[in-house]
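Structure first, commentary second.
The values are calculated or read from the model by the stated rules, or taken from the named source; none is laboratory data. Quick caveat: nothing in here was measured; it's all calculated off a predicted structure. Positions of Cβ are backbone-derived with ideal geometry, glycine not excepted, and every protein chain shown enters the neighbour counts. For the accessible areas, the whole protein counts, side chains as well, though only heavy atoms, and no ligand, DNA or RNA atoms are used. Shrake-Rupley method; radii C 1.70, N 1.55, O 1.52, S 1.80 Å.
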Amino acid sequence: MNMTINRQTVSGGASGYLTIDLGALRDNYLLLKAKAPASITSAVVKANAYGLGADMVAPVLYDAGCRHFFVAHMDEAIALRLRLAGDAQIFVLNGLQPGNETSCTAMNITPVLNCLEQIAQWSAHAAALRQVLPAAIQIDTGMSRLGLAPIELDALKAEPARLRGIAISYLMSHLACADEPESPLNESQLAVMREASDMFPGTPVCLANSGGVFLGADYHNALMRPGIALYGGAPSTLRPNPMKPVVRLDVAVIQTRTVPTDTLVGYGGTFRASAETRLATIAAGYADGLPRSLSNRGAAYFNGIRLPIAGRVSMDSISLDITALPAGSLTHGSLVQLIGPDQSLEALAEDAGTISYEILTGLGQRYRRTYIQPDRAVVTGETINADE
Ligand SMILES: Cc1ncc(COP(=O)(O)O)c(C=O)c1O
């Protein structure tokens, strides 16, 4: 891992430490960009930059050359607008909600229009302002979630005046299976997109999410729209993860004990010690984004040794079986690793029966957050030497 902070014990009284490597984030952006030099690489920073803090993440991406940013909600767009320079283009993926037209124009925010109703709304706003207004138009190419259905495209074709006053900056769609390179849905969505884009000659196309960036040049188009890969998540389920890890999570031990054979552990008594067992209780639980589904399945690591979760994950704590460690090596105040060099984000997510996206966006607010800037300066939280 690029990150040089290697914590072993608590400092400053916090119980959990989330370290976010903004240098790795920048490198990931540059890696994605290098995959498709002829395309523009944007950044998806919705859900507070996948839980990592849009205020910290977006300026680093801007400094790396990113000028196109996608969020889900208008409120996210407004917050981002206040954080970024005027030449950053901000798009709202979830569409134009009734009443948001004025905020969009006032704050220089571009809506993604997902249906004929939103197109009519935006066109009426343009007419009222006597201006031509930019918008992205999303086509549903096979995910059936957001975007114009084929019948709505036909209606646009029959009546192009519906787009009066709208300058289409991008024609976009979203891939349902880009993380599965073998899925036939990728090619079928690409074909539908090509057919739709024939209706709008010369309009730039935006299709690729993180997985799409790795599907080859056909999927790159004018603008790429990666999210998870920026934050270190694997863009594909089949290939080794080429991205640098961005997140590290360490949690403090708050108590240790030795229990005799047949002792039950945690809510519901779902773990029974099969022999004398040493346990450590750590200070994070499902309220901190460690899913309850990790109960009796997941693990933490200490000095590279796997420490299985014993019993159910509680709201604020988790018990670990630390019998594999030499006695006394882990004590009150030691830190165990939940995400880091010994356990990837994907590995933790898999044990929890979920995906890296859900783990990242669920990371709790009670951790002490430390950001390592691309120049290796450490921001917020506490004073730690990045080379420590
Ligand atoms: C419309 C849209 N585009 C792009 C992305 C980014 O996808 P990924 O994080 O898989 O790169 C998302 C994420 O959910 C999305 O909803």
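Measuring from label point to label point, each 7 Å out along Cα→Cβ, what is the ARG306 to GLU358 span in nm?
Roughly 2.1 nm, to one decimal.
Per residue, how many Å² of accessible area does segment 64-113 show with a 1.4 Å probe?
On the way: 1950 Å² over 50 residues.
Per-residue accessible area for segment 64-113 comes out at 39 Å².
Cα centroids of segment 116-155 and segment 281-318: how far apart, whole angstrom?
46 Å
Show which lysines lie in cross-link reach of LYS33 when reach means a straight Cα distance below 30 angstrom and same-chain residues fewer than eight apart are skipped.
Reachable lysines: LYS46, LYS244.
When the helix-only estimate is applied to the chain (DSSP H runs of n ≥ 4, each -39,500 (n - 2.57), divided by the residue count), what is the mean residue ellipticity at 222 nm, nearest 500 deg cm²/dmol? Walk me through the intermediate numbers first.
On the way: 11 runs with 102 residues, N = 388.
-7500 deg cm²/dmol, from helical runs alone.
If I build a Gaussian network model for the chain, linking alpha-carbon pairs within less than 10 angstrom, which residue out of MET193, MET172, MET315 has the largest mean-square fluctuation?
Greatest mean-square fluctuation among the candidates belongs to MET315.
Roughly how many nanometres apart are two label points built 7 Å out from the Cα toward the Cβ at SER329 and MET315?
So the label points at SER329 and MET315 sit 3.5 nm apart.
Please figure out what share of the DSSP beta bridges in the chain is antiparallel and state it in percent, rounded to the nearest 5. Could the numbers behind the result be given before it?
Values: 30 of 58 bridges.
Of those bridges, close to 50 percent are antiparallel.
Under the 0.36 nm per residue contour assumption, what length would be gained going from the current alpha-carbon distance of ARG67 and MET107 to full extension? Before the final figure, lay out each step's value.
Numbers: separation 40, 0.36 × 40 = 14.40 nm, distance 1.57 nm.
Full extension from ARG67 to MET107 adds 12.8 nm.
Around PRO160, under 15 Å between beta carbons, what's the net of Lys plus Arg minus Asp minus Glu among the other residues?
On the way: positive: LYS157, ARG162, ARG164; negative: GLU152, ASP154, GLU159, ASP198.
Surrounding charge for PRO160 is -1.
Quick one: Karplus J couplings for segment 119-130, per residue in order, coefficients 6.51, -1.76, 1.60, θ = phi - 60°, nearest Hz, x for Gly and Pro?
Karplus values, whole Hz, x for Gly and Pro: 5, 5, 4, 6, 5, 5, 5, 4, 5, 5, 8, 6.
Expressed as a whole percentage, what fraction of the accessible surface of the chain belongs to carbon and sulfur atoms when a 1.4 Å probe is rolled over the protein heavy atoms? Intermediate values should be presented prior to the final figure.
Values: 8400 of 16430 Å².
Carbon plus sulfur share of accessible area: 51 percent.
Along each principal axis of its Cα atoms, how long is the chain end to end? Whole angstroms, biggest number first, please.
Here the spans come out as 78, 42, 38 Å, largest first.
Net charge near THR41: determine it from the other residues with C-beta under 11 Å of the C-beta of THR41, scoring Lys and Arg +1 and Asp and Glu -1. Spell out each step's value before the answer.
Numbers: positive: LYS33, LYS35, ARG67, ARG225; negative: none.
Neighbour charge sum, excluding THR41 itself: +4.
Mind running the shape call on segment 175-220? Use the C-alpha gyration tensor, a ≥ b ≥ c as the square roots of the eigenvalues: rounded below 1.5 for a/c, prolate if a/b tops b/c, oblate otherwise. If you can, show how the numbers build up before the last one.
On the way: a/c = 2.73, a/b = 1.71, b/c = 1.59.
Prolate.
Find the accessible area per residue for segment 246-371; the probe is 1.4 Å, ligands and nucleic acids are left out, and the unit is Å².
Values: 5340 Å² over 126 residues.
Computed with neighbouring chains in place, this is 42 Å² per residue.
Run the simple label-point estimate for LEU82 and ASP154 please: 7 Å along Cα→C-beta, distance reported in nm.
4.6 nm
Report the residue, chosen from GLU346, GLU187, GLU195, that carries the largest GNM mean-square fluctuation when the chain is represented by alpha-carbon nodes joined by springs under 10 Å.
Of GLU346, GLU187, GLU195, the most mobile in the Gaussian network model is GLU195.
Apply the Karplus parameterisation 6.51 cos²θ - 1.76 cosθ + 1.60, with θ equal to phi minus 60°, to every residue of segment 206-220 and state each ³J(HN,Hα) to the nearest whole Hz, in sequence, with x for glycine and proline.
Rounded to whole hertz, the list is 10, 10, 6, 8, 4, x, x, 4, 9, 8, x, 4, 4, 9, 6.
Applying the Karplus parametrisation 6.51 cos²θ - 1.76 cosθ + 1.60 with θ = phi - 60° to the phi angles of segment 81-88, what ³J(HN,Hα) value in whole Hz is obtained for each residue in order, glycine and proline being reported as x?
Once θ is set to phi - 60°, the couplings for segment 81-88 become 4, 6, 9, 10, 5, x, 7, 7 Hz.
Under the classification rounded if a/c is under 1.5, otherwise prolate if a/b is larger than b/c and oblate if not, where does segment 11-95 fall, given a ≥ b ≥ c as square roots of the Cα gyration tensor eigenvalues? Kindly include the intermediate steps, with their values, before the conclusion.
Numbers: a/c = 2.14, a/b = 1.28, b/c = 1.67.
Note, shape of segment 11-95 comes out oblate.
Anyone know which of GLU159, GLU358, GLU117 comes out most mobile in the 10 Å Cα GNM of the chain?
GLU159
Need one word for segment 93-160: rounded, prolate or oblate. Basis is the Cα gyration tensor (sqrt eigenvalues a ≥ b ≥ c); a/c below 1.5 gives rounded, then a/b vs b/c decides. Walk me through the numbers on the way to the answer.
Values: a/c = 2.55, a/b = 1.50, b/c = 1.70.
Oblate shape, in that a/c is at least 1.5 and b/c is the bigger or equal ratio.
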